[in-house]
Structures are given as structure tokens and as C-alpha cells.
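The values are calculated or read from the model by the stated rules, or taken from the named source; none is laboratory data. Remember, predicted model here, so these are calculated numbers, not experimental data. Here the Cβ positions follow ideal geometry from the backbone for every residue, glycine too, while neighbour counts run over all protein chains shown. Note: accessible area is taken over every heavy atom of the protein model, side chains too, but ligands, DNA and RNA are not part of it. Shrake-Rupley method; radii C 1.70, N 1.55, O 1.52, S 1.80 Å.
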Amino acid sequence: MLAVCLNKEIELVTAKFGPMIRLVPSEDSDNLLIDPSVSSSTEKDSVLHDAVGPGVGYNKPAMPPLNKYIEMIVSQVYTPSDFFLQVMGTLNTGKRLEELMDNLEEFYDVKELSRTYLLPKAFALPGQVAVCRFPNDQHWHRARITRVIDDNFVQVLFVDYGTSCAVLKSQLFFLAQRFLVLPYQAQSATLFGVFPVNGDSWHVNATKTFFNLTTAKRLCGVVMEVDKAQKLAVCLTDTNGPVDLHINDYLVSSNFAKFCDETKQLLPAEYNKVSKVMVAR
């Protein structure tokens with residue numbers, strides 16, 4: 001892992017966090033090795049010891065089991081075939097994410113320290129992990145650069161929620177190594193077995209309906225398939241009301257979607273009857 005200090009505050013950071021070394025990813029990206037090419041004291045002193053640089057990505061979350069009901073939160077919706085969700089599971093991931101967000105705020109709100117982690121424009125390339133404020137709430141979030149827009153802007157994906165937006169390069173900061181431990185929390189997903197009624201594009205009202213059915217609530221989900229890109233094909237059920245609402249089925253019955261004949265028979269049995277599917281709390 002590489003990092004570059006841009007100002008004289010490096011002496012303060014060194015005193016607080018220890019000597020600076022260059023770390024590089026081994027074949028297993030979870031392991032780090034000291035770069036033997038760094039020999040001169042001058043070059044060593046130019047490298048911040050725990051900032052994550054090129055070639056190192058976020059840890060992948062464990063894939064949820066197939067055909068089992070799991071608590072999920074839909075965190076970002078683009079269409080019913082393209083959205084992101086957080087799998088709650090049994091690893092206390094919700095609490096761990098809350099702790100991460102709190103720690104990011106505490107760490108990067110210290111101006112003297114955060115300026116030390118300012119990401120040089122030369123590092124603002126696709127694949128680089130970073131930290132920046134989310135424009136809508138101004139809170140610090142983990143991110144990954146997905147493309148360069150122009151000399152001043154890049155597109156980033158906020159990896160714990162799935163939101164994508166343009167940010168100024170000057171507002172990007174190196175991710176401190178301590179915030180790399182928790183796997184990214186937003187997993188790419190699609191509704192299983194349903195497709196747009198007309199053609200390949202979802203009507204805007206279909207997406208709005210799906211958004212309204214899934215936002216700001218905990219859902220019960222079943223992962224039916226996982227493709228090569230690790231995109232989850234899921235069936236979602238809202239169990240918060242007196243009667244379960246099967247969201248895949250609801251979009252079909254509302255004429256926003258249609259079932260694929262080949263996959264309809266693979267839907268959970270609950271989609272053929274009214275039942276109460278409870279999520280283990």
C-alpha cells in the first residue's frame with residue numbers, strides 16, 4: 001500500500017502514529033509486505049504509514065447462503081434490476097457499519113490530520129479507494145473511484161451504500177488502513193425472475209414503486225442465484241405489516257413487471273400463498 005504526505009504536518013502524524021513505511025499488497029490482498037525497494041530515509045519519510053494506495057481494494061463480504069431467509073436493507077435503487085442492499089445476516093454487520101461511520105467522522109473531522117491524508121490528483125484513478133464526504137449529508141464515507149470525468153471531477157461509488165456520484169478530486173482523501181478491515185457492505189442485486197413488461201427498460205413508475213416499497217425498512221430476502229460478477233438475484237418480502245408483501249410478485253400484479261416462465265417455478269413457496277415470514281431478530 002502506498003501513501004504520500006503532502007505537507008509538513010507529517011512530523012506530527014509520525015509522532016502520533018509511529019514510523020512511516022511503504023506497504024505493498026502480496027498475492028493475497030489481505031496481507032501486506034514491507035516494500036524492499038524503499039531504502040533511502042528521504043523516501044521513507046515521504047510515505048504515510050497507514051494510507052491505502054494503488055492496487056489495494058476493499059475486502060469482499062461473505063456471500064449469503066442460497067434459499068434461506070435473511071434480513072436485508074435496500075440501500076440504493078437504480079431500477080428493480082439494478083440496486084444495492086446490505087445483508088444483515090448473523091455477523092452484527094449493522095452495528096459494525098455504524099461504528100465504522102462514527103470512527104470515520106472522528107478521524108477525518110480532525111483538520112490537521114485529514115489534510116495529511118489529502119489524495120494527490122495523480123492518485124485519482126479508477127480503482128483507488130478513498131474517503132470523501134457524501135454531498136447530500138456531508139458525512140464521511142468510504143468510496144472507490146470508478147472513472148475519471150475530467151481534470152477536476154471523478155465518479156465514485158460509496159461502497160457501503162451503493163450510491164454513485166461525481167466529486168471533486170480536491171475533496172478526496174486517502175483511506176487509513178484501519179478502515180479497510182470491514183468488507184464493503186453494499187452488494188449489487190437484482191430482483192429474481194422478473195423483467196420489465198415492455199422491452200429491456202424499466203418504466204420510471206416501476207422504479208419509483210420499487211423504491212417506495214423498499215426504502216427505510218428492514219426486509220426479508222432470499223438469495224436465489226449469484227452470478228459471476230457476484231450480483232445477487234433476490235426475492236424480497238416486506239414483513240413489517242399485518243400481511244406479508246412479496247415485492248417481486250407485487251410488481252408483476254401491478255403490471256410493472258412480468259415473470260420469466262423458466263424461473264417462476266423456482267420462486268419461494270410463500271409467493272403462491274399469503275403467509276407470515278418472520279425474520280430472526
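Accessible area per residue was computed with a 1.4 Å probe on protein heavy atoms; Val222 scores about 10 Å². Say R0 is 41 Å: what FRET efficiency, to the nearest 0.05, do Lys68 and Val110 get from their beta-carbon distance? In this case the efficiency is close to 0.45. Taking 27 Å as the limit for the C-alpha separation, the pairs Lys228/Lys258; Lys208/Lys231; Lys169/Lys231; Lys95/Lys217; Lys68/Lys217 exceed it in the case of Lys169/Lys231. Backbone amide hydrogens, once placed in the peptide plane, bring Phe83 within less than 5 Å of Tyr78, Ala189, excluding anything fewer than 5 places away on its chain. Probing with 1.4 Å while keeping every protein chain in the model, the per residue accessible area of the stretch 109-154 equals 53 Å².
Relative contact order of the stretch 181-261: 38 percent, from C-alpha pairs under 8 Å at least 6 residues apart in sequence.
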